[in-house]
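Reading through the structure tokens given below for one structure.
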Amino acid sequence: MQIKSKSILVLYIIVGAFQVMGILLKISLLHQSLKVLLMPVLAFYLWNSIEGKSKNNLFLLSILALAFSYAGDIILMIPDNNPLFFIGGLVSFLVAHLFYTRLFTTLSPLNKYILRRNPIWIIGIILFLTIFLSYLVPKIDTSLKIPVIMYALIICTMLLSALNLKEWIGKGPHHMILAGAILFVLSDSILALNKFDPAFQGSTFMHALVMITYIAAQGFIVHGIKLDGLKRL
């Protein structure tokens, strides 16, 4: 029997809210135990929402994006200053973004006309990327500079591919997915500041803000995918 999708989405929001509360109140057991529930609940929401006939290659790409996001969540929770764990989490989320990008570009391939259709967006993304990396990269250890730059390029490509969906899916799903992609870029930017910038390093508020934007980003993207229905392939 199919559970009402709305109930699962409400559960995701409640789990996310209490997870953020655990960060703000500095209750490690609360925020860590709830963090591991976020992506499974969201994956169940997507699985429960999409009809069996639409559980196709696009659905699989969505589930894989959530699975690698979940792996990234777990790896970044490991209490160690070893940069290998950070790189591991970075790689997991990078793969998740690649799956999201593959999903979006399957629906709407990137081509030379995207620049002509969205010049202000493209210029804005390039400016943001240039300014942010110019500020952040000098603060990063040499061993992490290239992985962070590569990650920034990949996530901005994911944002670009979400933007490119405009003419290929409904307005509602596109607004949801685009909002999620923007929030993902914002969340990862705040995470980078919290990790590498001495002015923000270790800030509880910044940590909470990372999770608020991350939870919202994943929720918006998955809800947009659900609204679209993945019926094209």
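The values are calculated or read from the model by the stated rules, or taken from the named source; none is laboratory data. Everything quoted here is computed from the prediction, not taken from an experiment. As a convention, Cβ positions derive from the backbone with ideal geometry for all residues, glycine included, and neighbour counts pool all protein chains shown. In case anyone asks, the SASA skips ligands and DNA or RNA and just uses the protein heavy atoms, side chains included. Shrake-Rupley method; radii C 1.70, N 1.55, O 1.52, S 1.80 Å.
Across segment 207-219, coupling constants 3J(HN,Hα) worked out from phi with the 6.51/-1.76/1.60 Karplus curve, θ = phi - 60°, read 4, 5, 5, 4, 6, 4, 5, 5, 4, 5, 4, 4, x Hz, and Gly and Pro carry x. May I ask you to list the residues of segment 161-198 whose amide nitrogen lies under 12 Å from a point 7 Å from Cα along the Cα→beta-carbon direction of N118? Of the residues in segment 161-198, 161-169, 174-175, 177-182 have backbone N under 12 Å from the label point off N118. For segment 171-233, the Cα gyration tensor yields ellipsoid semi-axes of 30, 9, 8 Å (square root of five times each eigenvalue, largest first, whole Å).
With q set to 0.23, 0.29 Å⁻¹, the log10 of I(q)/I(0) for segment 1-72, from the Debye formula over equal scatterers at the Cα positions, is -1.00, -1.22. The solvent-accessible area of D141, taken with every protein chain present and a 1.4 Å probe, is close to 100 Å². Just the protein heavy atoms count here, and of the accessible area of the chain at 1.4 Å, carbon and sulfur take up 71 percent. Rolling a 1.4 Å probe across the protein heavy atoms gives segment 62-218 an accessible surface of 48 Å² per residue. With both labels modelled 7 Å from their Cα along Cα-to-Cβ, the A199 to F18 distance reads 3.7 nm. Extending 7 Å from Cα along the Cβ direction at T106 and again at K55 yields two label points whose distance is 1.5 nm.
Considering only Cα atoms, the convex hull volume of segment 16-142 works out to 165 Å³ per residue. Rg/Rh, computed from the Cα trace of the chain with Rh as the Kirkwood radius, has the value 0.96. The phi-based Karplus calculation (6.51 cos²θ - 1.76 cosθ + 1.60; θ = phi - 60°) puts the 3J(HN,Hα) values of segment 83-93 at x, 5, 5, 5, 5, x, x, 4, 5, 4, 5 Hz, whole numbers, x for Gly and Pro. Taking amide H as placed 1.01 Å from N in the peptide plane, S203 has no amide H partner under 5 Å among residues 5 or more places away or on another chain. Comparing Cα centroids, segment 22-50 and segment 143-217 end up 18 angstrom apart. Among E51, E167, the sequence by solvent-accessible area, most first, with a 1.4 Å probe is E167, E51. Enclosing the Cα atoms of segment 134-223 in their convex hull gives a volume equal to 89 cubic angstrom per residue. Spin-label model, V36/I63: points 7 Å from Cα along the beta carbon direction are separated by 2.2 nm.
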